[in-house]
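Below: the structure, in structure tokens.
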Amino acid sequence: MATGNTKQAEKEYLARSGSSTWERWKPFSPPGTDTLRESANLLHDFSVAMLTMQPAPDDRILDLGAGAGWCSDLLGRLNRFSVAVDIAVDMLGAGRARAHPVTRGVAADMESLPFRSGVFDKALCLNAIHHVPNIPAALAEIARVLTPDGAAFFSEPGEGHAEAPTSTTATQAFGVLEQEILLGPFMRQCVAAGFTDVRVEPLSHVIPAFQLDAAQWDAWTALATSQRPRRALAKLAFAAAELLGLGKRGPLFEEALAISMVRTLRVISTHHPIVIARKAAAATGSGPRWLASIEADVPASVPRGLPVAVRVIATNRGTSPWRPDSPSNVGHVTIGVQLLDGQGRLTNKDFHRTPLPHVVASGDTVEVSFACPPPAASGSYFMKCDLVAEGVTWFEEAGSPAVSRPITIT
């Protein structure tokens, strides 16, 4: 079928294929069906995307080629904000009929997205861009609508997909476009579109977030396709090193194991490419996100019924700024006070909260004085002061030390 007609075929696909039930249930099996393998692969790719991209609660995520919005459905259940985009209006309609309706949907062509530049933080494209006739144009549009430090995640069918029985059947029966995504050319297309850091995930089926850039992938490919005579010469060199005592760790074994692993994993990556493309270079190192050093002043005793004057000085030792509020109401940082009895046993984990006065950048210090309500009964207590990333974690539970101070209510 001519390329110009495949877009119309995509718009008509749902009605002609009779797959509306699957689209409403995807990625899980509709009643009376067995989609275990396909469902597991879809859930795997979604999990890898989440572990690799780590979308923040306030990120705006573009769900590309969304179909009936199963990714947006799962993102919503993870308290993430997304907009589903698909070329077919009836696919988006099927999304509104899901058990968890997808209500933010836009019917649009990936080659010409109807959004302003720089409005999305992340883009998610699972098994969709291989249907697009002009992939370079689509990649350029995706890069355009992302923020300067935005990132796009792609999981696509790779080498051999166009000739696979399911693909030839879909092409013949419905006229849709089925292409194979070849890693080397696709990564170079991403760079040409404006992404500066493009990496393949060769171990995504085992270790998410192990990545190779284009040059490393080419080297991986060269190693995987190397022939025995060349490797035999290398083994002779390894053997000589062993005789001279230079190969204490057994390079012959390591070389054999390495070539076996490289070939196995390259086949997986070649047939199922998973790529993350960033507009800015990825951070080379990272530390704890929620980490603080805390000082706290609490009076030794307070008459029963009077408020407790507390002063907390906290320095942000983590990698993320502490924000006093957030659009999603998740992840903003407050000062939390836990109440412990005289033996140091927790009696009220959410005894009191106090907001921060302003954003505290990494390395900055904030001082906050506040009146805390007293324990109801007289006696000996401890007040534990910590920071809380609301809806995420107490800093102490993320490895940051909290501070406890004794207090007596007289």
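Please treat every number below as a calculation from the coordinates, not as lab data. Small disclaimer: the values here were computed from a predicted structure and weren't measured. Here the Cβ is made from the backbone with ideal geometry for all residues, glycine too, and neighbour counts use every protein chain on show.
Between the alpha-carbon centres of the stretch 115-158 and the stretch 52-113 there is a gap of 13 Å.
For the stretch 23-150, the dipole from Cβ point charges (+1 on Lys and Arg, -1 on Asp and Glu) about the Cα centre works out to 300 debye, to the nearest 20. Under 5 Å between amide hydrogens, built in the peptide plane, is the criterion, and for LEU356 it picks out ILE335 among residues at least 5 positions away or on other chains. Relative to the longest principal axis of the Cα atoms of the chain, the long axis of helix 214-224 makes an angle of roughly 60 degrees. If you restrict to DSSP beta bridges whose two residues both lie in the chain, what percentage is antiparallel, to the nearest 5? Antiparallel bridges make up about 70 percent of those DSSP assigns within the chain.
Which residue, chosen from GLY342, VAL48, HIS332, occupies the Cα position most advanced towards the positive end of the dipole of the chain, where the dipole is computed from +1 (Lys, Arg) and -1 (Asp, Glu) charges on Cβ about the Cα centre? Going by the Cα projections, it comes out as GLY342. Assuming charge only on the beta carbon of Lys and Arg (+1) and of Asp and Glu (-1), the dipole of the chain about its Cα centre is about 540 debye to the nearest 20. Of the residues VAL359, SER301, PRO114, the one whose Cα sits farthest towards the positive end of the charge dipole of the chain is SER301 (charges of +1 on Lys and Arg Cβ, -1 on Asp and Glu Cβ, taken about the Cα centre). Can you tell me the 0 to 90 degree angle between the C-alpha axis of helix 165-174 and the longest principal axis of the chain, rounded to 10? Roughly 80 degrees, rounded to the nearest 10. One chain, two ends: VAL267 and ALA15. Fully extended at 0.36 nm per residue, the span grows by 87.2 nm beyond their Cα-Cα distance. Sparsely packed loop sites in the stretch 127-208 (the trypsin sites (Lys or Arg not before Pro) outside DSSP H, G, I, E and B with at most 15 other Cβ atoms within 10 Å) do not occur.
Charged neighbours of VAL388, selected by a Cβ distance under 11 Å, balance to -3 (K, R count +1; D, E count -1). Each label was represented as a point 7 Å from its Cα along the Cα-to-Cβ direction; for ARG96 and ALA282 these points are 3.9 nm apart.
Between ASP350 and THR319, the FRET efficiency estimated from the beta carbon spacing at R0 = 25 angstrom works out to 0.45.
Shown for LEU78, LEU177: other C-beta atoms within 10 Å of each C-beta, ranked fewest to most, produce the order LEU78, LEU177. For the chain, the ratio of Cα radius of gyration to the globular rule of thumb 2.2 N^0.38 Å stands at 1.27.
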